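Encoded as structure tokens, the structure appears first; notes follow it.
The values are calculated or read from the model by the stated rules, or taken from the named source; none is laboratory data. This is a predicted model, so every value here is computed, not measured. Cβ atoms come from the backbone with ideal geometry, glycine included; neighbour counts cover every protein chain shown.
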Amino acid sequence: MRRDHFELEAHNIDWVETGETPAEPRVVIDFHGPEETLTDRLTDAEGDILEAGETDVTFRLQDSLDSPDATGVVGVTDRITGDFLLELNEDADDVLRFVRAAREYGQTTGDDGGRYSVVLQIDGEPVATYSKSTFLVYDANGSLLRSKSLIPSGVEL
């Protein structure tokens, strides 16, 4: 699968800056490629779609965070095998804004780690929806940026 087969849209993040009523941030990732390619990756050995607890969402910077045009790769991985289920390129500012909204939303709901949802679609048709509370951000060298990541309290990495 190519990264350009994916489109990412973030929803419910502007309220952090505008002061509107908080709403759970949601990221919609839409795949525009061969359906079986993505569904094969999203299913386990029994043919069932992976559950939220079986996946991780990450962002790996490709540039320095100080760069005004910093970009990176959003990845959804299989938590058990570590295999990448999908990857796509995104602007660092957009992703970090989303993580901030998820952190702020978690604080409004009493979940100090944060919370958001991920909707995976194939040509606009939902395949899986995950409720998540962790979003790990790494620098270009692969080091975890704890202060930029969304990590629930009590979670050891």
Is one or more of the residues making up segment 29-51 closer than 17 Å to L96 by Cα and either within 18 Å of the chain's Cα centre (by Cα) or touching a residue at least 24 places away in the same chain (Cβ under 8 Å) (or both)?
-> yes
Strands (runs of 3 or more DSSP E) lying entirely in segment 27-95 (those with 1 or more residues that are within 19 Å of I151 (Cα to Cα), out of contact with any Pro (no Cβ under 9 Å at 6 or more places or on another chain) and at pLDDT 95 or above) = 55-61, 71-78
Meets criteria (in contact (Cβ under 8 Å) with a residue 12 or more places away in the chain, farther than 19 Å from E51 by Cα, hydroxyl-bearing (S, T, Y) and not in a loop (DSSP other than H, G, I, E, B)) for T129 = no
Residue among H11, H32 that is touching a helix residue (DSSP H, G or I) at 6+ places or on another chain (Cβ under 6 Å) and either exposed (fewer than 14 other Cβ atoms within 10 Å of the Cβ) or within 20 Å of L120 (Cβ to Cβ) (or both) = H32
Residues of segment 48-79 being closer than 25 Å to R2 by Cβ, among the small types (G, A, S) and surrounded by fewer than 16 Cβ atoms within 10 Å (Cβ to Cβ), which ones?
-> S67
In segment 104-126, which residues are small (G, A, S) and either in a loop (DSSP other than H, G, I, E, B) or within 17 Å of A70 (Cα to Cα) (or both)?
-> G110, G113, G114, G124
